[in-house]
Amino acid sequence: MDISKLIRENILSLTPYSSARDEFDHVAEVYLDANENPFENGYNRYPDPYQKKVKDRLSQIKGVATENMLLGNGSDEVLDLIYRAFCEPGVENVVSHNPSYGMYPVLSEINNVPLRKVNLGEGFQLNAQSMIDASDDQTKLFFICSPNNPSGNLLAKEEIKKILDLQRGLVVIDEAYIDFAATDSWLSELENYPNLIVCQTLSKAWGLAGLRVGMCFASTEIIQVLNAIKPPYNVNELSQQAALKALNEEENFKSNLKIILDEKLKIEQALDELPCILKRFPSDANFILVRVEDAKGLYDFLMERQIIVRNRSKEYLCENCLRLTIGTPEENRRLLEGLMSYQL
């Protein structure tokens, strides 16, 4: 597949901005090239524009070469860069499933790229042929969220592969919640599909939502295009330092992940015994979607007790559904107490 044919013409001819750190990325004693304040305070110098130390550590953890990575100011920046690199505004389109992550339609509107939504089937499962039927020669991207938000389930791998095999455009698989799932990431398929882009984040399982560090994994050709259009210093020094610290404390990550998964199992078992829960949907994420009789009533009841969950009732297939994030053991205890009190 010739990826260059998918890139917007103006992006192909773009001369990228060259920062001071692009032109000199070694070690010197005197830096007078970037118009920085010379007085050291830890942050007076621009950060590494390519986050090399963070990527080196990620390469060890993910088993992906650094040249196949792009880091962004959160995954939302990464997704926006993909739109801007490959989609001609007002001409081309993208296809995604419904329901899914709410930023896809927002980014589509911002970039003036129509988004064609394809409804998921019962059980929130993907039908590849429906996605393919919704696409045409002007389709540049397929957005797939797996595990899906707000439903929490993994989407069938064999269905996704049908879309990849079509090679009509790029297939972006958003794996924000993959660390909670008992399955392999799509990262293992990067070498098999040049049209595959995998997005992940440090916001969820790694517990770094406040840092805003998103990850993109793809072919070197795709990464080179995204690097050419990203802001030169898009991940700040504080975020790079804190991300590297967390990545170097992998045992702490694994310990917290186990607690979340153990707590999730306890909550699932408890929810199945509560009369107010009409249905609990299977989840491969760190949240559980449940159907109740009156989502707004239960939401307000919990809010009065200072417990905030997410009402997803306006989403397709989610009528009277609440999304419950797995918290600390104490937070989960309060949630279950609130749900039990609602029945009295």
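The values are calculated or read from the model by the stated rules, or taken from the named source; none is laboratory data. Here the structure is a predicted model, which means the values were calculated and not measured. Note that we place each Cβ from the backbone using ideal geometry, even for glycine, and neighbour counts take in every protein chain shown. SASA here: full protein model, heavy atoms, side chains in, ligands and nucleic acids out. Shrake-Rupley method; radii C 1.70, N 1.55, O 1.52, S 1.80 Å.
General observations
- Distance violations [Cα-Cα > 30 Å] among Lys5/Lys230; Lys161/Lys266; Lys157/Lys258: Lys161/Lys266
- Here's the picture: charge each Lys and Arg Cβ at +1 and each Asp and Glu Cβ at -1 in the range 1-142, and of Pro105, Tyr17, Gln129 the one pushed furthest to the positive end of that dipole is Gln129.
- Cysteines having no other Cys beta carbon under 4.7 Å from their own, within the chain: Cys87, Cys145, Cys199, Cys216, Cys276
- Within the chain: Cβ-based charge dipole about Cα centre, in debye rounded to nearest 20 (Lys, Arg +1; Asp, Glu -1): 600 debye
- Normalised alpha carbon radius of gyration of the range 1-152 [divisor 2.2 N^0.38 Å]: 1.35
- Per-residue [θ]222 nm for the chain (sum of -39500 (n - 2.57) over DSSP H runs n ≥ 4, rounded to 500): -10500 deg cm²/dmol
- GNM top mover of Ser151, Ser13, Ser100 - the chain, alpha-carbon springs below 10 Å: Ser13
- Relative contact order %, the range 221-344, counting alpha carbon pairs below 8 Å whose residues are six or more apart: 21 percent
- Loop-located GluC sites (Glu not before Pro) in the range 205-271, at most 16 other Cβ atoms within 10 Å (DSSP): Glu249
- Base-10 log of normalised Debye intensity for the range 99-247 (one unit scatterer per alpha-carbon) at q = 0.15 Å⁻¹: -0.86
- Across the range 144-151, computed HN-Hα scalar couplings (Karplus, 6.51 cos²θ - 1.76 cosθ + 1.60, θ = phi - 60°) run 10, 10, 8, x, 7, 10, x, 7 Hz from first to last residue, x flagging Gly and Pro.
- Fraction of accessible area attributable to carbon and sulfur, the range 236-342 (%, probe 1.4 Å): 51 percent
- Between Ser4 and Lys254, the FRET efficiency from the beta-carbon distance, with R0 = 35 Å, is close to 0.30.
- Here the range 202-262 has an Rg and Dmax of 14.2, 43 Å, counting Cα atoms alone.
- For the range 1-106, averaging the sequence separation of C-alpha pairs within contact (under 8 Å, six or more residues apart) and dividing by the residue count gives a relative contact order of 27 percent.
- Net lengthening on full extension, Asp133/Ala228 (0.36 nm per residue, minus Cα-Cα): 30.9 nm
- In degrees, nearest ten, helix 250-271 long axis to first principal axis of the chain (Cα): 30 degrees
- Cα-based helix-to-principal-axis angle, 220-229 vs the chain, degrees rounded to 10: 80 degrees
- Beta bridge orientation in the chain: antiparallel %, DSSP, nearest 5: 55 percent
- Comparing Val235, Val106, Val94 in a Gaussian network model of the chain, where Cα atoms under 10 Å apart are tied by springs, the biggest mean-square fluctuation is seen for Val106.
- From the coordinates shown, mean projected area of the Cα convex hull in nm² corresponds to which of (i) 23.4; (ii) 19.2; (iii) 18.1: (ii)
- Sequence-distant residues sharing a close amide H with Val95 (under 5 Å, placed H): Arg116, Leu141, Phe142, Phe143
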